[in-house]
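Okay, structure first, notes after.
The values are calculated or read from the model by the stated rules, or taken from the named source; none is laboratory data. Just so we're clear, the structure is a prediction, and the values are computed from it rather than from any experiment. Glycine also receives a Cβ, built like all others from the backbone with ideal geometry; neighbour counts cover every protein chain displayed.
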Amino acid sequence: WRRYGYPHFHQVVGDAVDEVHAAAVAEARRLECSLLTSAWRTLMERRSDQFDLLGLGDPGCSPPNSSVQLTGSAGTARTEHGPPRSSKMELAKALRQVRAIATPEQYTDIRSILVGSLGAEIGQAEDGLSEEDEFALLCILMGTCTDLAPLEQKHSIAIGSAAPDFLARFKPGLWIRSLGPDRHTGYRCFVEVKSTSKDKVTISGAHLAKLRAFADGFGHPLVFAVRFLRFAEPALWVMVDDSQRTRRSITIDVSAFTSGLRPILWDEHAYMLVPGTTFVMTFSPEASGNGMRNVAYGELVELRIVTSGVTYTRAGGEATIAAAFFEAYGLEETSILTVDGRVHVTYSARNMALSIADLLYGFNRLARDEEGRIVYDAGRVLRQLADGLAPGFATRQFIESFAGNFCDMRVLTACGYGNPVDNFARWLETGGTADSG
């Protein structure tokens, strides 16, 4: 594994095992031997010459012939044949850590060994954790979150309360009034991440009561961040605070996009295309540069943006970056013309307005690897950031600078969300300070 560039692989897996079993290190290693030996031996037979590089040495035993039942500190029965039912989420967390450092092929091998017949159930748990990663990365890229700490709760302390997913501190400015983050004292809160494939999600019952008890115990407000999966591109997130405690349940739908806290905590605004704007991309089958390539038409050599009777032309690398930026608006072909071997394709936009977060999400998901898979993986990027690496993704500063140039050319128009007066009042409630005007 060191040969493939993952020197911390065993450390990550060991940490995950500690989480699964919530026991002392010695207990965790004993469980690792009994629970995972068969899986690791199968995998390591292909890499026997690298087995010692994991720091495990020879396991020193063969897989037991009969099922050995072990009982951890919480009294949960475990066997060597797979994880206990209560540890499916912990296994999903372990796989998330593996996915952050392994190649897709390596991750697939390890997942098939560890998951077995629990594939569908573990998959659902992994999807939920992926949404947590996506939310965390967007908070970082938006630049308004100064601190974001995942809360890894153990079963043994979940008595009467339940920890939300994150402890966060936001320090947003207010774009509509040109107020910077220096005019905000900071909004500390707990964030619980949810996702749904429906139009709304309801949080109620014992789960809501436990989350409230935890937040009240530390004196911080509780915020729900919901990802609506029906809107894949752009990604639709809604943030709502749990301020009305007389309600026994909370129902969140897409209408809370503007009325909730997202425009405030992310200091969000949108960039709208001027109506009637079209894009004409010229492709050359013979070009051999480093520009964007279309499988059917060839390499992009020129982009013309036509708006309000004015044409702006970009060529080479500038054409590639501009085309990638506007791709997030859902460009659709309207006509194709071939002249002298070059293909001129006219596009119109399906999405007329996108938020900064939408543009970040769409732009960063364009890159593909050699197999055509999306390079963007929130968990992997978070791991790189934690290791002090620079993943090379577009930031809010890039999006605003690029969009600002097109606003100057009157291709885009910047616009806010919601009522400016209401937004200012909510910004003050979260810690903003009034301006002299």
- Message: Being of a type in the set (S, T, N, Q) and at pLDDT 90 or above is the filter here; which residues of region 287-310 pass it?
- Response: 307
- Run residue 267 past the list (1) crowded, with 17+ Cβ neighbours inside 10 Å; (2) out of contact with any Phe, Trp or Tyr (no Cβ under 9 Å at 6 or more places or on another chain); (3) on the phi > 0 side of the Ramachandran plot and report the number of the one that doesn't hold. (2)
- Cβ-Cβ below 7 Å, separation at least six or inter-chain, first residue in region 131-156 and on the phi > 0 side of the Ramachandran plot and buried (at least 21 other Cβ atoms within 10 Å of the Cβ), second assigned to a helix (DSSP H, G or I) and modelled with pLDDT under 85: which pairs? none
- Report whether or not residue 163 is surrounded by 17 or more Cβ atoms within 10 Å (Cβ to Cβ), of a type in the set (Gly, Ala, Ser) and modelled with pLDDT under 95. yes
- Query: Which one is modelled with the highest pLDDT, of the residues in region 177-198 that are under 24 Å from the mean Cα position of the chain (by Cα) and of a type in the set (Ser, Thr, Tyr)?
  - Reply: 187
- When both residues are 6+ apart or on different chains and their Cβ atoms are under 9 Å apart, which pairs have a first residue that lies in region 233-257 and is free of Cβ contacts under 8 Å to residues at least 24 places away in the same chain, and a second that is crowded, with 20+ Cβ neighbours inside 10 Å and part of a loop (DSSP other than H, G, I, E, B)? 240/260; 240/261
- Query: Tell me, which strands (runs of 3 or more DSSP E) wholly within region 199-286 include 2 or more residues that are modelled with pLDDT of 90 or more and of a type in the set (Ser, Thr, Tyr)?
  - Reply: 200-204, 249-253, 278-284
- Task: Would you please list the contacts, defined by Cβ atoms under 9 Å and residues six or more apart or on different chains, that run from a residue in region 399-422 that is in contact (Cβ under 8 Å) with a residue 60 or more places away in the chain and on the phi > 0 side of the Ramachandran plot to a residue that is part of a helix (DSSP H, G or I) and of a type in the set (Ser, Thr, Tyr)?
- Result: 418/258; 418/259
- Task: Pull up region 216-254, narrow it to residues that are surrounded by 11 or more Cβ atoms within 10 Å (Cβ to Cβ) and among the β-branched types (Val, Ile, Thr), then point me to the one that is farthest from residue 354 (Cα to Cα).
- Result: 250
- Task: Could you list, in sequence order, all residues of region 406-419 that are assigned to a helix (DSSP H, G or I) and loosely packed, with under 13 Cβ neighbours inside 10 Å?
- Result: 408
- Task: Looking only at region 275-282, decide whether some residue is over 22 Å from residue 410 (Cα atoms) and of a type outside the set (A, V, I, L, M).
- Result: yes
- So which of 432, 388 ends up being within 30 Å of residue 185 (Cα to Cα), modelled with pLDDT of 95 or more and more than 15 Å from the chain's Cα centre (by Cα)? 432
- Query: Counting only residues that are small (Gly, Ala, Ser), surrounded by 11 or more Cβ atoms within 10 Å (Cβ to Cβ) and modelled with pLDDT under 90, which one in region 327-385 is farthest from residue 266 (Cα to Cα)?
  - Reply: 367
- For region 270-318, what are the residues that are on the phi > 0 side of the Ramachandran plot and touching a Phe, Trp or Tyr at 6+ places or on another chain (Cβ under 9 Å)? 298
